[in-house]
1. Does region A:205-215 include one or more residues that are assigned to a strand (DSSP E or B) and among the aromatic types (Phe, Trp, Tyr)?
2. Return the only residue of A:Ile388, A:Ile306 being within 29 Å of A:Glu173 (Cα to Cα), assigned by the TED database to the domain that holds A:Gly229 and modelled with pLDDT of 70 or more.
3. Of the residues that make up region A:418-432, is at least one over 48 Å from the mean Cα position of the chain (by Cα), under 30 Å from B:Leu28 (Cα atoms) and hydroxyl-bearing (Ser, Thr, Tyr)?
4. Only residues that are assigned to a helix (DSSP H, G or I), open to solvent by 10 Å² or more (accessible area, probe 1.4 Å) and not aliphatic (A, V, I, L, M): list them for region B:171-181, please.
5. Inspect region A:187-205 for any residue being at pLDDT 90 or above, within 22 Å of A:Ala302 (Cα to Cα) and not basic (Lys, Arg) and give the result as yes or no.
6. Mind telling me which of the residues B:Val25, B:Val61 ends up being under 21 Å from the mean Cα position of the chain (by Cα), within 21 Å of B:Pro78 (Cβ to Cβ), at pLDDT 90 or above and of a type outside the set (Gly, Ala, Ser)?
7. Considering only region B:83-94, state which residues are in contact (Cβ under 8 Å) with a residue 12 or more places away in the chain, buried (at least 19 other Cβ atoms within 10 Å of the Cβ) and assigned to a helix (DSSP H, G or I).
8. Every residue in region A:169-193 that is part of a loop (DSSP other than H, G, I, E, B), open to solvent by less than 50 Å² (accessible area, probe 1.4 Å) and either among the polar types (S, T, N, Q) or under 29 Å from A:Val145 (Cα atoms) (or both), please.
Amino acid sequence: MRVTRKTHWYIRLQNLLFILLFLTAIGLIAVLSMRYNYQADWTASGRNTLSKASQVLLKQLEGQITVISFAQDPNTKEKITKLINRYQHYKPDLKLEFINPETDPDKVRELGVRFQTELVIKKDGRQEKLQDLSEKDLTNAFNRVARSENAWVIFLEGHGERDPRGNANFALENFTKQLETKGFHIQTLNLSAQSQIPNNHNQVLIIASPQTNFLPGEVDLIRDYIKNGGHLLWLIDPGSLHNLETLAEDLSIKVLPGVIIDPSAQILLGRGNATFALVPKYGNHPITDSLTSITLFPQSAALEVIKGSQWQSVPILTTLSRSWVETSELGKKIEYDKEQDILGPLTIGLALNRERSLLEKEVADKDKSNHQGNNRSKNNDQQRVVIIGDGDFISNSHLGNGSNLDLGLSLINWLTHEDRLITVPARIRPDTTLQLSPAASSAIGIIFLFILPAALLGAGILIWWRRRQR
Amino acid sequence: MILTLALHELRRLFLSPLAWATLAVTQLLLGYMFLTQVAYFAQIQSQLMGLPEAPGVTEIVAIPLFQNAAVVMLLIVPLMTMRLIADERRSRTLTLLFSAPLSMTEIVLGKYLGTLIFFVIMTILIALMPLSLLAGGSLDLGLLAAGLLGLCLLLASFTAIGLFFSSLTQQATVAAISTFGILLLLWIIDWVGSSGVLNQGSELFTYLSLLRHYQALLEGQFNSSDIVYYLLIVVAFLAFSIRRLDADRLPH
């Protein structure tokens, strides 16, 4: 072929075109390969895939969920992205947002985020916070944020109870606000105005430290509510029960007269705080399982269970054995009085439950017809009641102490049957043990560190030497 | 024909002490790293028992070994590939090859495959180390396979890049240096994305990173897009090499 200047030009043009086309094709294939990606998890424990439980939950979730992270550290960011990616595989409209806390401090304050790794999960104006980056916690947070719409919290009023909307120190505004962000509906109920207590499955009635006496008719209404299987949270402050003694009898509990004195609180919080009761450790109960620090109960009463009831009762909050119930006047000198006072450990909180099948048959039948729509499992068929010998712990002024808020939220979750925990099975690796005999381990060491390199080097030298001989 | 060329290339490699020395040195280095990981695992084994999702032997011993192996290969591949075509060009044997009844594609593929077989042998030697632990327990073989596949694909793309740079120049050292430079750049190119300098387009850099795709495989996650990425790198650089040699063949 004769090569002229012109053909040179042609060839160059042709080359350029080829390279352009070729790179376009490569890019196209790359894009397509990303779009039509086939994924498989090759690990024996399947740790790169979501567990069945999470997959099922994601399939049921409707509507967009946004996960917000404030992480700045690239490693943490990547970890979060990876975890969320696994979820996005099953729920493509799950959104992950990173917000820089330095440029957007308002948002941090608004969402109340404390740690870099903390995630905020938002759905339809509801939000959940999450600290641990594990599949179990994330899946459960998704579950909580997507809770059923009909969870109601009903506050009784009309007897000087703590006001769910009030901002006074003893009122409960902060707590109810927290409940609302979790998707609970708040309602107040005045029995003298409305002489009927609604009774739904995902509903709890709260009697928060009444100050004046209940009328006999009102007491009957509450007792009927309990008889019909309603859930109740009863916060009792020391002193009179205000005509609710019969309700206490129905629940088979007794309130000990007097205020709990806890010397350890005096040491920890300073003088004048002797009437605080501390609960540093929790028993094994769904309500207290998630609590990480102590809870504080100002001016609390001790509870006792009367034996032989149809209720299953679990003491969920118990003070230290150093504490006692002071029955005499709270004067300047507070001392343990052997004859009158009762020594701890004392129960502040009691969780009661009973199977609904134990209720009178007609009531059970009525209840069944009410709830035929929701196919509830057996566990859901429990009536739940919690009695706490203190109402201050969730009040505006004490909500921030220790784990008080967490305790309050998990109480409501348990009472309204919103505590279904999704268990994500732990992924156990098949290769967690390695037991090499001394002979085997030294053999491995010698072979890989000495014999193999020496043999390879020897072969090289041999060949080089042979070729030199020739 | 390609196979004959490949075997010829391989024979040539093993007749020189270079290949043997390379194998010996990598074996020594990685063997040492492997044994320290095994000792580390034996030390923390009892603590791991208590953890709910404790990592296993494969994760603690084999995966770091593969990571280290990739870094060692980053240095070794340029040295092994630098002379593939640059030497022929320098000693003017390239014209001889041109006159042989071989297409450029066959020449390039032959040389490529020959070098690749050498690296596969090296990978097998590396794989023997974690496999030897089967004497004292079980391994997560799926994860190990994913890691090995990743290492092989990584080496295949390294070699293709090395071959291309060797075809560009007469000087073997220049080829080695530029290969190393490009490999390192492709290794760390995702730093741009993760540093947050760019608001957009960081996905492109993340996609280009050789490390990212390897990392996924080391976690036991098989993505077809990762495999396609490596194959595209190989195809692209081989095609560029062929193109380059074809251009040389034409009289000026």
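The values are calculated or read from the model by the stated rules, or taken from the named source; none is laboratory data. Remember, it's a predicted structure, so these values are computed and weren't measured experimentally. Ideal geometry is used to build each Cβ from the backbone, glycine not excepted, and the neighbour counts take in all protein chains shown. Calculation scope for accessible area: heavy atoms of the full protein, side chains included, ligands and nucleic acids excluded. Shrake-Rupley method; radii C 1.70, N 1.55, O 1.52, S 1.80 Å.
1. no
2. Details: A:Ile306 fails: within 29 Å of A:Glu173 (Cα to Cα).
So the residue among A:Ile388, A:Ile306 that is within 29 Å of A:Glu173 (Cα to Cα), assigned by the TED database to the domain that holds A:Gly229 and modelled with pLDDT of 70 or more is A:Ile388.
3. No, region A:418-432 has no match at all.
4. Those that are assigned to a helix (DSSP H, G or I), open to solvent by 10 Å² or more (accessible area, probe 1.4 Å) and not aliphatic (A, V, I, L, M): B:Thr173, B:Ser178, B:Phe180, B:Gly181.
5. yes
6. It is B:Val25.
7. Matches in region B:83-94: B:Ala86, B:Arg89, B:Leu94.
8. Once the filter is applied, which keeps residues that are part of a loop (DSSP other than H, G, I, E, B), open to solvent by less than 50 Å² (accessible area, probe 1.4 Å) and either among the polar types (S, T, N, Q) or under 29 Å from A:Val145 (Cα atoms) (or both), region A:169-193 yields A:Ala171, A:Leu172, A:Lys182, A:Gly183, A:Phe184.
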